[in-house]
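One structure is given below, encoded as structure tokens.
The values are calculated or read from the model by the stated rules, or taken from the named source; none is laboratory data. Note that the coordinates shown come from a computational prediction; the quantities given were computed from them, not determined experimentally. Cβ placement follows ideal geometry from the backbone for every residue including glycine, while neighbour counts extend to all protein chains displayed. The area values use the complete protein model at the heavy-atom level, side chains included, leaving out ligands, DNA and RNA. Shrake-Rupley method; radii C 1.70, N 1.55, O 1.52, S 1.80 Å.
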Amino acid sequence: MGLSDTETGAKADVRQAKSESELEDELGEVNMDELGNKVWLVKVPAFLAEKWKQTHEDGVQLGKMRIYERPDSSGSNISVLVNDTAENKDIPKEYRMQVSNERVRNMFIFSESRDPRAIVKPTSVEANKAVPMAITGTVHHECT
């Protein structure tokens, strides 16, 4: 004797699996026009990333990356400089970085045309809509 949906906790609205070609048709193509853009992957401290997440305006410059001709005593010649603003008054303004991977392979930066602040549940209709996607660069250096 089998278990009912209620007993197993399974949902009654189980969807049928789609074939790979059906999924490809729904997702569309990835725009690769900017594949040649060279980008740096910079891992900032967690508290700084959290602070930056609180910025809800588009196009705001959060800081700058500076590469010096000569390294400091630790061997670092790269810094992330945080803008000196009221929001950043309680944090350091400079973070020294080390190149952790000079020969990055097969790492790309993707973008999609969906509001990043929108909360989309995996089971919602929105989650299954095709979103225009693009590769906006190829990672050439990784810093921590």
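Cβ-Cβ distance below 7 Å, separation of 6 or more or different chains: which pairs start in region 48-72 with a residue that is of a type in the set (Phe, Trp, Tyr) and end on one that is not in a helix (DSSP H, G or I)? Pairs that qualify, where the first residue is of a type in the set (Phe, Trp, Tyr) and the partner is not in a helix (DSSP H, G or I), are Trp52/Leu62; Tyr68/Asn77. Take Val82 and tell me if it is open to solvent by less than 60 Å² (accessible area, probe 1.4 Å) and over 10 Å from Cys143 (Cβ atoms). Criteria met by Val82. Touching a Leu at 6+ places or on another chain (Cβ under 9 Å), open to solvent by less than 100 Å² (accessible area, probe 1.4 Å), under 30 Å from Val131 (Cα atoms) and modelled with pLDDT of 85 or more: is that true of Trp40 in this structure? No; evaluated as a whole, the condition is false for this residue. Residue count for region 101-139 under the criterion of being open to solvent by less than 90 Å² (accessible area, probe 1.4 Å), in a strand (DSSP E or B) and modelled with pLDDT under 85: the result is 3.
For region 49-66, does any single residue satisfy the condition of being of a type in the set (A, V, I, L, M), assigned to a strand (DSSP E or B) and at pLDDT 90 or above?
Here is the first cut: in region 49-66, the residues of a type in the set (A, V, I, L, M) are 49, 60, 62, 65.
From the residues that got through so far, the ones that are assigned to a strand (DSSP E or B) too are 65.
Next cut, at pLDDT 90 or above only: 65.
Within region 49-66, one or more residues are of a type in the set (A, V, I, L, M), assigned to a strand (DSSP E or B) and at pLDDT 90 or above.
Here Ile91, Ile67 are screened, and the one residue that is exposed (fewer than 13 other Cβ atoms within 10 Å of the Cβ) and in contact with a helix residue (DSSP H, G or I) (Cβ under 7 Å, 6 or more places away or on another chain) is Ile91. Number of residues in region 70-79 that are open to solvent by 60 Å² or more (accessible area, probe 1.4 Å) and out of contact with any Lys or Arg (no Cβ under 9 Å at 6 or more places or on another chain): the value is 3.
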